[in-house]
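J.: I'd like to ask some things about the structure below.
The values are calculated or read from the model by the stated rules, or taken from the named source; none is laboratory data. These numbers were taken from a predicted model, which means no experiment stands behind them. Cβ atoms come from the backbone with ideal geometry, glycine included; neighbour counts cover every protein chain shown. In case anyone asks, the SASA skips ligands and DNA or RNA and just uses the protein heavy atoms, side chains included. Shrake-Rupley method; radii C 1.70, N 1.55, O 1.52, S 1.80 Å.
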Amino acid sequence: MKKRALLLLSLLLILSSMLLTSCNKKPKDTNDITTYLKNMESYTTEMTMDIKNDKQTINYNAKQSYLQGGGYKLELNKNRVFVYKNDNKIYVSDKNNGTKYVQSKDFDGVLKLSFIGEYIGLLYTNEKIEYVSKTINGIDYTVIDLFIPGNNKNINKAMLYVNNKSMLPEKMLIYDLNNKEKIAIRYTKFLPNVKINPSEFKVR
């Protein structure tokens, strides 16, 4: 009986250790992932963005593109086009009424977070960063969890899920000060280092 009890206790300890390790294990090499994402010269992706408040969830569909030296382009709901240039300005074209206007990049606290380069850039200035490995539906992910600086209580931290095999982002979750999910972004048809005509980023 004592041998059986000791054997059972040993098995329980081993299983507990395995479970704790799998839940909190560190990725093998986060530098490979962050370096790959940072060094992408271009990409295109489709994305959905769900913004939640106490009354409703607002859904957006968008297409995003990036070209090194050209900037970022975001087509939101096929109605508005945002071009983010290196001059810290946002050039907006509203297709519904044909108007065009310019905003300061600092004016936008949400949309720019969806840009992979902007997110990765925060890694080099942020002291509150955690890397965690998670397996979801048989797929291994590295989750990059970081604090978002600023005074917006609805945007306190963000978690970027990167597929370990492809090293491409698949979703981002943004939380408020109370650790409540406020924004969910999902990336699909992500194509890295594709050829993009620089004219796509020209401000007309």
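J.: Would you pick out the residues in the stretch 154-204 that are hydroxyl-bearing (Ser, Thr, Tyr), closer than 23 Å to GLU130 by Cβ and open to solvent by 20 Å² or more (accessible area, probe 1.4 Å)?
T.: Passing the criteria: SER166, TYR175.
J.: Do any strands (runs of 3 or more DSSP E) lying entirely in the stretch 110-181 carry at least 2 residues that are touching a helix residue (DSSP H, G or I) at 6+ places or on another chain (Cβ under 9 Å) and over 23 Å from MET40 (Cα atoms), and which ones are they?
T.: Here the list reads 129-136.
J.: If you take the residues of the stretch 28-47 that are of a type outside the set (Gly, Ala, Ser) and touching a Lys or Arg at 6+ places or on another chain (Cβ under 8 Å), which of them is most open to solvent (accessible area, probe 1.4 Å)?
T.: Top of the filtered list is GLU46.
J.: A follow-up question, please. For the stretch 108-145, which residues satisfy the criterion of being closer than 14 Å to ILE174 by Cα and in contact with a Lys or Arg (Cβ under 6 Å, 6 or more places away or on another chain)?
T.: VAL143
J.: What's the number of the only condition in (1) open to solvent by less than 40 Å² (accessible area, probe 1.4 Å); (2) closer than 20 Å to ARG186 by Cα; (3) without any contact (Cβ under 8 Å) to a residue 40 or more places away in the chain that GLN64 fails to meet?
T.: That leaves (3) as the condition not met.
J.: Pick out the one residue from ASN88, ASN164 that is at pLDDT below 90 and not charged (D, E, K, R).
T.: ASN88
J.: How many residues are surrounded by fewer than 18 Cβ atoms within 10 Å (Cβ to Cβ) and touching a residue at least 60 places away in the same chain (Cβ under 8 Å) if we restrict to the stretch 74-95?
T.: Residues that pass the stated criteria total 2.
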